[in-house]
1. For region B:290-435, evaluate the Debye formula with one uniform point scatterer on each Cα (no solvent term) and list log10 I(q)/I(0) at q = 0.11, 0.15, 0.17, 0.20 Å⁻¹, rounded to two decimals.
2. Sort B:Leu245, B:Leu481 by accessible area with a 1.4 Å probe, largest first.
3. Can you compute the radius of gyration and Dmax for region B:249-330, using only the Cα atoms, both in Å?
4. Got a number for the accessible area of B:Trp274? Probe 1.4 Å, square angstrom, nearest 10.
5. Can you list the GluC sites (Glu not before Pro) in region B:609-678 that are in a DSSP coil and have 11 or fewer other beta carbons within 10 angstrom?
6. B:Glu56: accessible area at probe 1.4 Å, nearest 10 Å²?
7. How big is the A/B interface in buried accessible area, both sides summed, 1.4 Å probe, to the nearest 100 Å²?
8. Over the Cα atoms of region B:551-678, Rg to Rh with Kirkwood Rh, two decimal places?
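The values are calculated or read from the model by the stated rules, or taken from the named source; none is laboratory data. Predicted, not measured: the structure shown is a model, and the values here were computed from it. Neighbour counts run over all protein chains shown; Cβ positions are idealised from the backbone, glycine included. Please note that ligands, DNA and RNA were not included when accessible areas were found on the heavy atoms of the full protein model with its side chains. Shrake-Rupley method; radii C 1.70, N 1.55, O 1.52, S 1.80 Å.
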Amino acid sequence: MSDTAYVQLLNLTAGAVLLCAVLVLWRRELAVIIRLFAAQGVALAALIAVLAWHEGSPELAVLAAGVAVLRAGVLPAVLRRALGTAREGTEPVREVRPVVNVAASLLAAALLTLLAFAVSRPIVELAPSPATQAVPIGMAVVLIGFFVLVTRRRAVSHLVGFLLMDNGITAVGFLTTAGIGLIVEVGVALDVLLALLVLQVLTGRMREAFGNTDLDELRELHD
Amino acid sequence: MNTVEVALGCAAGSALLAVLAALVVRRRARPAVVGTLTAITGAAGVVAGAAALLGERFAVELPWIVPLSGIALTVDGLGAAFLAVSGAVAVAAAIYGIGYSHHGLDSRGVQATFPLFVLSLLLVPAAGSITTFLVCWELMALTSLVLVVSEHRRRAEVASAARWYAVMTHLGFVAVLIGLLILSAPADGDAFAAVRAAAADLSPAVAGTAFVLCLAGFGSKSGIVPLHAWLPRAHPEAPSHVSALMSAAMVNLGVYGIVRVGFDLLAVDAERWWWLLVLVLGAISAGYGILQAVVSTDLKRLLAHSTTENMGLVLVGVGASGLFASIGSPVLAALALTAALMHVVGHAAFKTLLFLAAGSVLHATGTRDLDSLGGLRTGMPLTTAAFGLGALAASALPPGTAFVSEWVLLQSLIHGLPAPDAAPAAAPTVTVVVLPLAVAVVALTAGLAVVTFVKAFGVGFLARPRSDAAAHAIESPATMLAGMGLAAVAATVLAVAPTLVLPTLGRVAAGLVGSPAPIADAVSVELVGVTGLLSPVLVVVALVVAAVLVVAIPRVLAGRRARREARLWDCGGGPLSPRTEYTATSFAEPLQRVFDTVLQPVQDVDVTHHQESRYLIAAVEYRRRVPDRIERHLYEPVLSFVTRWGRAGRALATGSVHRYLGYGLCTLCALMLLLVLA
């Protein structure tokens, strides 16, 4: 693969990762948000595949396939199950009233991306290469994921926010070090899966106990 | 293999065995097994200390116990004195605990913690490196805290006392930690020997900071004003045998820390103002502690305040010793330090006795309030005798235990005053001002201590009972009496034959300040280097003769006339009821008036009139409280500030998940912005 094609493919996939994160902020239907998250998983896997192709590393290719299965297949499926039980209930399957409205959220996402670019400049300068130049995008995805956690009220949106952060961290990891070892990556992936399963159960319990999953209702601790 | 090593090994082994026994033995047999094993631990500590005092030296390093630094134990003369004292107190307290633990204190946790506490008391003075010292110090703080809260189900005040203790002891630990780390930073390793070697290179400011931090931390453990606030709370609320251990053994280790740092580790950097500070703090503590004790009506609280007083006196000795060393009179320095060490030993003996006797009263009557005690002499003759002996020992009157050490202390202070015909340059001005004041403080506390213990003994044990509980009190079980008996024997021996230990302590002190031994090996206390001679045996004989004469002569004279039994004149008002007796409050009232400006008591008098006539009074209610002024002016502003700060902080925590996450995001973004801008 020629260098220009590599750079363009890398930028394309990285851009897709960021775009999916921003779109999560834009859309309100929970089902669409999950679909966007799955799309981001695909983009992330593609990004790793491009890196694997460029470096000619079969290990990275295996990892790309693993990321695709986990982040575009398993995790969205779990999320959909969490949502599926919600559909049987009476609560709306939309993010009705986010803490910060959509327009302001998009503006904030722009600012966070700027911040990510500004703050990762030293990292890029350390070893300027096409891969490290995409690092700010990973950082931006982390920040946007955090922003989703802060501003969205529904439990499923929170799960997606948490997973967006994890996607961002994974992207930064791959872009800076070209893979952090198979074992570590598998460990992290299983960790995330486990956390998500626990949170899904927790969401179900919340719904059973309170009738909805609006986290703003949870304000007091009781025995 | 020397005696110290074997004895310390025995102590550690039997303490760990006691912990194990506490966990596995059945509840009924548990206090007896644990108490016996703990007493063996204490006895082994005494043996180790005595052997080391007689000249054996011991040092061992066990690198495998604690990772990175390991444990190093070194027993020298100074450590040995404190080791022996802790061990002796532990023997009495452990035997006493066998009988005392049967009501609610026989749970696994409490019984397993007690031997650990005793072991930590033995290991602190045996520590040979800073890490070891800090580990043992913290073990001591934690185990004593667990023991303080052991009766929390029975009384609500225990929790509050434990909170005070936990916070203050850990702030003290932080101070000690910082102070000792400052010392060990430039040293090669953290062994005391290495720290001592590196101390010469410290700048005066650094050494002074380290000393003041250590003084604050160790002083708070000793209950030195103004860091005493926890002591009158925690000591009374602990079970009585634990109170005895805390008040007679644990507080000593604060003094040990100050002496260890000031006279040993930092000896080359010691400056005069350090010791002036110690002396002044000691004098203030002694005066303030005994004033609080005089007006206290809670028996164990009174004893706790008296602990502050005695530790103050010890620090007066330590401070005076440092002062003398700094103006170049090592003989007096050794004498003052000997007095301080002797007072530590004597105080340990009589305070153990008093706390154990107070525990016996609490065990029998369920109250510590002197105003509702009285008349215990008939029901509890042995406890009464024990407390009486302890009160005599504590009140610095011949032939009491405290008398000997205070006499030596006064000798050193008085001989430190410049002779009238001496050249003005011979002594710095500060000693001319400080030493007479110190003499005055020691004399004042001695007088007030007499009042305090006359009050505690007379109101608490003599006269007629003021409550049903006191009237029906019965004597404690044999093990408790045995514990008190041991402490009583120790106090008596120290009072009558102080020269059994005094010359040895003198050699320890002389070794620290580098002078010849200040006290001669003789039956009577004979000072070396300055004139002074006291024969406790002769004093006792003279007093006994005088007492016999006072009792016998009226008998002989009256024997010639016919004797007639009659009721005491009661103004015709019928038999006097216990309500007409002196109470602890009324006994202390005149003194409280004298020291009104210092104590600032809060008094309320409510007069209820008859409905029919304003001129007839139905009832008069008198309430008096003596709040701790230092506490009010020093602690309350800090506490209220912390409370306000906490309230303000609560506004940030509304319970909303989004807000908490938002704090995280904002902090992260702010941090990143800072990185970008920097």
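1. Debye output, listed in q order: -0.51, -0.78, -0.91, -1.12.
2. Result, largest first: B:Leu481, B:Leu245.
3. Expressed in Å, the Cα Rg and Dmax of region B:249-330 come to 14.2, 46.
4. Answer for B:Trp274: close to 0 Å² accessible.
5. B:Glu612
6. 60 Å²
7. Summing both sides, the interface buries roughly 1400 Å².
8. 1.41
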